1. Net charge within 9 Å of Ala83 by Cβ-Cβ distance, Lys/Arg positive one each and Asp/Glu negative one each, not counting Ala83 itself?
2. Report the extension gain between Glu231 and Phe88 in nm, rounded to one decimal, defined as 0.36 nm multiplied by the number of residues separating them, less their alpha carbon distance.
3. Compute the Cα gyration tensor for the range 12-61, then decide on rounded, prolate or oblate, letting a ≥ b ≥ c be the square roots of its eigenvalues: rounded whenever a/c is under 1.5, prolate when a/b is larger than b/c in the other cases, and oblate in all that remain.
4. For the chain, calculate the relative contact order in percent as a whole number, restricting contacts to Cα pairs under 8 Å that are 6 or more residues apart.
5. Mind giving me the FRET efficiency for Lys147 and Lys43? R0 is 51 Å, r the Cβ-Cβ distance, nearest 0.05 is fine.
6. Longer than 28 Å from Cα to Cα, which of Lys191/Lys224; Lys80/Lys191; Lys37/Lys157; Lys37/Lys224; Lys80/Lys157; Lys80/Lys144 are they? Say none if no pair is.
7. Give me the orientation-averaged projected area of the Cα convex hull of the range 64-139, in nm², one decimal.
8. For Asp50 and Asp3, what is the calculated FRET efficiency with R₀ set at 22 Å and r taken between the beta-carbons, to the nearest 0.05?
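None of the figures in this text is laboratory data; all of them are computed from the coordinates on show. Values in this document were obtained by computation on a predicted structure and should not be read as measured data. Neighbour counts are summed over all protein chains in view; Cβ atoms, including those assigned to glycine, are modelled from backbone coordinates with ideal geometry.
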Amino acid sequence: MADIYSIDRPVEYYQVDLTRKLSLSMILNLAILCSRKQGEYLKVGYEETDRRGLGWVILQYDVNIIRRPKLGEELTIETKAGAWSTYFAMRGFLFKDAKGEVIIDIDSLWTLIDLESRHIQKLPLDLVQPYGGEESKRLPKMVKIPKIKDEPVDTDKPYQVRFLDIDGNRHVNNSKYLEWMLDVLPLEFLKEHEPSRFSIRYENEVHYGHQVDSQVVMGDNETKHRVKDGEQTAAEAIIHWTPVKAK
């Protein structure tokens, strides 16, 4: 049975948006921090994967938000390995408030790549077994994210990939895609709506110096997003929103 690993963190000023609540990109960053800490604790962290020329990458997040924590709140972030197969592994995260109540629930799908060839690799048993998840031929399905097809987009905005957008796996950090996606939404919309759940899938790597386009189709309390790198789709997402009640 998989062990639960946890870290305790306050919500810091640099982690919130103008609502003074934990930003969506920081939710992903804190989840990654927790998983990295567990890997180090188990002696199978980034130092070991680096030694083998490998890197863990996330293929998809499914995030359910009961509420976003506010600036200064104390959080406990828990992670637990899920099922894994030959090439893929599941991992769950729970964000709990000071009362121990779950406020954010995350499912995620991971794989390993060779850092030189960029190809996915079979999961070495000695890297996955310490986490305690169970091997399975068929993993639970992630949320199916609707694609932007022939419909006109409401906004299409270019972004240049900067040095600080790149992480230790030599590609754009997964939280940056979410920042590009949110940045094309109108400010008034962001002030008047609260995210209740979102799913984001990463399809193709983006590297330093590339120019990407962040596109959005806005619907009734949901937004469909796509980040394109030339003709390739780099990432897609759907975000569900709840109107904020006037005070």
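1. -1
2. Net length gain for the segment: 48.8 nm.
3. prolate
4. Value for the chain: 19 percent.
5. Step by step, r from the Cβ atoms, then E = 0.80.
6. Result: Lys80/Lys191; Lys37/Lys157; Lys37/Lys224; Lys80/Lys157 exceed 28 Å.
7. On the way: hull surface 27.2 nm².
That works out to 6.8 nm².
8. For R0 = 22 Å, the calculated efficiency reads 0.40.
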